[in-house]
1. Go through (1) part of a strand (DSSP E or B); (2) at pLDDT 85 or above; (3) in contact with a helix residue (DSSP H, G or I) (Cβ under 9 Å, 6 or more places away or on another chain) one by one and return the number of the condition residue 88 breaks.
2. From (1) surrounded by fewer than 17 Cβ atoms within 10 Å (Cβ to Cβ); (2) under 14 Å from the mean Cα position of the chain (by Cα); (3) at pLDDT below 75, pick out the condition that doesn't hold for residue 183.
3. Filter region 91-104 down to the residues that are modelled with pLDDT under 85 and crowded, with 19+ Cβ neighbours inside 10 Å and list them by number.
4. Would you confirm, using the coordinates I've provided, whether residue 70 is within 30 Å of residue 156 (Cβ to Cβ) and either in contact (Cβ under 8 Å) with a residue 60 or more places away in the chain or part of a helix (DSSP H, G or I) (or both)?
5. Of everything in region 25-44, what is part of a helix (DSSP H, G or I) and either surrounded by 12 or more Cβ atoms within 10 Å (Cβ to Cβ) or in contact with a helix residue (DSSP H, G or I) (Cβ under 9 Å, 6 or more places away or on another chain) (or both)? Give them in sequence order.
6. Assess whether residue 18 counts as being surrounded by 11 or more Cβ atoms within 10 Å (Cβ to Cβ) and in contact (Cβ under 8 Å) with a residue 24 or more places away in the chain.
7. For region 49-67, does any single residue satisfy the condition of being in contact with a helix residue (DSSP H, G or I) (Cβ under 6 Å, 6 or more places away or on another chain) and touching a residue at least 60 places away in the same chain (Cβ under 8 Å)?
8. Tally up the residues in region 45-58 that are assigned to a loop (DSSP other than H, G, I, E, B) and modelled with pLDDT of 80 or more, please.
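The values are calculated or read from the model by the stated rules, or taken from the named source; none is laboratory data. These numbers come from a predicted model, not from an experiment. Please note: Cβ atoms are built from the backbone with ideal geometry, for glycine as well, and neighbour counts cover all protein chains shown.
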């Protein structure tokens with residue numbers, strides 16, 4: 001690992017990849033994890049000592065152009081199902097810091113993964129997405145937004161109400177395609 005870090009100006013991703021590979025190798029071969037606290041500190045020290053060019057910071061993306069875009073779309077009840085679906089996917093992706101494909105994986109994003117609360121929030125359970133390497137799943141809570149036109153919770157509720165006639169299963173897919181037979185959209 002030291003030799004690899006000497007060859008790179010920014011060794012963090014290389015060393016983290018080596019660490020992950022060794023962790024999986026040791027787990028498969030000997031059912032153990034070689035990275036105790038001392039070895040993790042060693043990797044961190046290598047990263048700090050060998051990094052010659054730090055990552056540059058980028059400015060935070062301004063939110064106003066995004067909110068302006070959704071405000072120009074009109075009210076949810078005025079949108080077609082197709083556009084309401086797109087708005088729902090976009091708002092959920094932004095508010096959850098998720099990829100649109102995380103919301104519409106091949107197995108489908110289902111209604112039993114949603115829990116609406118009395119405080120106008122929703123808790124969404126995601127399982128098996130790209131960032132869930134252990135495949136344990138995790139929950140994300142989304143609170144109501146102050147601006148109704150960019151509220152992901154209200155948009156999701158409006159979308160679910162609008163598609164209620166196209167699906168009979170209360171545990172069925174959330175994001176339907178916009179062409180018959182109204183199956184979940186694919187990733």
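1. It fails just one condition, (1).
2. (2)
3. Listed by number, the residues that qualify are 102, 103, 104.
4. So residue 70 fits the description; yes.
5. The answer is 26, 27, 39, 40, 42, 43, 44.
6. Here the answer is no, as residue 18 does not meet what is asked.
7. yes
8. Total meeting the criteria: 0.
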